[in-house]
Amino acid sequence: MSTLNKKTNILIFNDAISCAASFGIGTYVSILREIFENTPYNLYIITRRDIEECTRSYNDNCYFIDYPSGDNDDSIIKMLSLYIDNFGESICVLNFYSQFELTKAIKQINPDIKVIGIIHYLSWVWQTNGNEMIFKEKISSGRLQDKNKDIVAAFDDEKDKIHLLDRVVALSDDSFSILKSTYQVDSNKLAIIPNGLNDKYLSLCKEDIKRDLLVNEHEKIILFVGRIDAMKGVDMLVLAFNKVLQAVDNCRLVIVGEGNFSLVSPFINGAASKITFTGSIPRVQVEKWYQIADIGILPTLSEECSFVGIEMMMHGLSVISTNGRGVRNMFEDMENSLTVDCQNGRMIFEQELCEAIIKLLNDKSLSAMLGEKARKYYLDNYKLKLMKQRYLSLLEEIKE
């Protein structure tokens, strides 16, 4: 029997105008809403927007409060304490570093309110391509060097904000480890809760879907889903695909998503007719590409817990992943993926990507084995019900 009573409020904070909102946090907030629906909590989604005044609404057992971007922390929390019944019986879930300092204002209203922070990203990742050794060197020996002052200042700011929280949720083993060791977060405050998704896999006729998408029925589909940027490794994927076509020509690279097209356009070369850029497309269309894909590619340099990686496993794709931080916690070479080295230079990364793609295109039994294991790995580790169980356990622990 749950120790949480029906007066407990779960306040999930979102930010519709932060540049970080494009990093899957909107999807995460939607999943949190699904997790806490039909549970003994009053659920609130609280979102910063580019609006003039606060708005309130209620729909599908969830309260929505939107507030103006210009409001300061104290006024935001005072407003919420007036709008939300039994505000003192609340647990706050913060998803952005810019929100972590709200903890101070929350504790001034009621020090017993518990605050959870979700670590969706760490700022130094973009400055080091996710290389922890470089990061640690810069913040230790490099503190007196001007060239490192930005990364040191960002780290110090993150660390201070994280230490305000009552609980810190890491999405990967790598983040748990560095939060404990380098950010010096007490292990009792830390929890690992990987992302989870409901099972949407359906076994449909590939030939029919290929006709619908105007794809040659004999072409093998190599699928990338996500933002087009350097951290996602898309430029290296396009370079590698040019080499793949020299060995295997009955294949097509499909890139689903928007981003910096100029990053990859110089590397397309003679492969233009063999690469499909879909741009941003409706979810139902993305699912069709998953249904017909032969290989799923996750060439990212660093990721906390990839929703795309989970979707690829869910659909039973043979996956090519990297040894980048976070990604290596989700995939194991020759178990649920072929793993390539992204940490020892661009030439090695490009060559290993090329070799892995060719290997899976030419080895049907290996591809089938990896796909079956990937599907099982999803069922055992990344179903939404597992994520829900972990969050409910965390809330039980917090309220004790």
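The values are calculated or read from the model by the stated rules, or taken from the named source; none is laboratory data. Computed from a predicted structure; not experimentally measured. Cβ sites come from the backbone with ideal geometry, for glycine too, and all protein chains shown count toward neighbours.
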Open item on the list: When you scan the stretch 83-104, do you find a residue that is part of a helix (DSSP H, G or I), loosely packed, with under 13 Cβ neighbours inside 10 Å and at pLDDT below 90, even just one?
Closed with: no
Task: Single residue of the stretch 119-130 satisfying the filter (aliphatic (A, V, I, L, M) and either at pLDDT below 95 or under 10 Å from LEU165 (Cα atoms) (or both)) that is surrounded by the fewest Cβ atoms within 10 Å (Cβ to Cβ) - done: VAL125
- [ ] Could you tell me which residue of the stretch 191-231 is surrounded by the fewest Cβ atoms within 10 Å (Cβ to Cβ), considering only residues that are among the β-branched types (Val, Ile, Thr) and assigned to a strand (DSSP E or B)?
- [x] ILE192
- [ ] Name the residue, out of ASN129, ASN110, that is outside the structural domain of ARG328 (by TED's automatic domain parsing) and closer than 25 Å to ASN195 by Cα.
- [x] ASN129
TODO: List every residue pair whose Cβ atoms sit under 9 Å apart, with the two residues 6 or more apart in sequence or on different chains, where the first one lies in the stretch 229-253 and is on the phi > 0 side of the Ramachandran plot and at pLDDT 95 or above and the second, anywhere, is assigned to a loop (DSSP other than H, G, I, E, B) and not hydrophobic (A, V, I, L, M, F, W, C).
DONE: GLY233/PRO299; GLY233/THR300; GLY233/GLY324
Task: Condition broken by SER321, with the remaining ones in (1) crowded, with 23+ Cβ neighbours inside 10 Å; (2) touching a residue at least 24 places away in the same chain (Cβ under 8 Å) satisfied - done: (2)
Task: Boolean, TYR28 is assigned by TED's automatic domain parsing to the domain that holds LEU171, at pLDDT 90 or above and farther than 28 Å from ILE228 by Cα - done: no
Task: Hits in the stretch 324-337 - residues which are crowded, with 23+ Cβ neighbours inside 10 Å and polar (S, T, N, Q) - done: ASN336, SER337
Open item on the list: Here's a check for you: in the stretch 343-358, which residue that is of a type outside the set (Asp, Glu) and farther than 23 Å from LYS373 by Cα is surrounded by the most Cβ atoms within 10 Å (Cβ to Cβ)?
Closed with: PHE349
Open item on the list: Quick test for you: out of SER75, SER141, pick the one residue that is farther than 30 Å from PRO40 by Cβ, assigned by TED's automatic domain parsing to the domain that holds LYS189 and surrounded by fewer than 16 Cβ atoms within 10 Å (Cβ to Cβ).
Closed with: SER75
TODO: Quick one: ALA272 ticks every box in (1) over 20 Å from the mean Cα position of the chain (by Cα); (2) closer than 15 Å to CYS354 by Cβ; (3) of a type outside the set (S, T, N, Q) except a single one, so which number is it?
DONE: (2)
- [ ] Evaluate the stretch 363-370: report whether one residue or more is crowded, with 22+ Cβ neighbours inside 10 Å, part of a helix (DSSP H, G or I), modelled with pLDDT of 95 or more and out of contact with any Phe, Trp or Tyr (no Cβ under 9 Å at 6 or more places or on another chain).
- [x] yes
Task: LEU213 in contact with a helix residue (DSSP H, G or I) (Cβ under 7 Å, 6 or more places away or on another chain), modelled with pLDDT of 95 or more and assigned by TED's automatic domain parsing to the domain that holds ILE268 - done: no
- [ ] From (1) without any contact (Cβ under 8 Å) to a residue 24 or more places away in the chain; (2) in contact with a helix residue (DSSP H, G or I) (Cβ under 7 Å, 6 or more places away or on another chain); (3) surrounded by fewer than 16 Cβ atoms within 10 Å (Cβ to Cβ), pick out the condition that doesn't hold for MET133.
- [x] (2)
Task: Subset of the stretch 276-307 [more than 26 Å from VAL340 (Cα to Cα) and surrounded by 16 or more Cβ atoms within 10 Å (Cβ to Cβ)] - done: LYS288
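Yes/no matrix, rows are residues, columns are (1) charged (D, E, K, R); (2) farther than 26 Å from MET347 by Cα:
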site	(1), (2)
LEU213	no, yes
MET236	no, no
LEU245	no, no
VAL248	no, no
SER262	no, no
ILE275	no, no
ARG283	yes, yes
Task: Residue, surrounded by the most Cβ atoms within 10 Å (Cβ to Cβ), within the stretch 14-25, restricted to residues that are modelled with pLDDT under 90 and among the small types (Gly, Ala, Ser) - done: GLY24
- [ ] Among the residues of the stretch 147-182, count how many are charged (D, E, K, R), buried (at least 17 other Cβ atoms within 10 Å of the Cβ) and not in a helix (DSSP H, G or I).
- [x] 1
TODO: Give TYR67, TYR63 a once-over and let me know the one that is touching a Cys at 6+ places or on another chain (Cβ under 6 Å), more than 24 Å from LEU171 (Cβ to Cβ) and in a strand (DSSP E or B).
DONE: TYR67
Task: Test: residue in the stretch 323-332 that is in the same structural domain as ILE228 (by TED's automatic domain parsing) and within 25 Å of VAL248 (Cα to Cα) - done: no
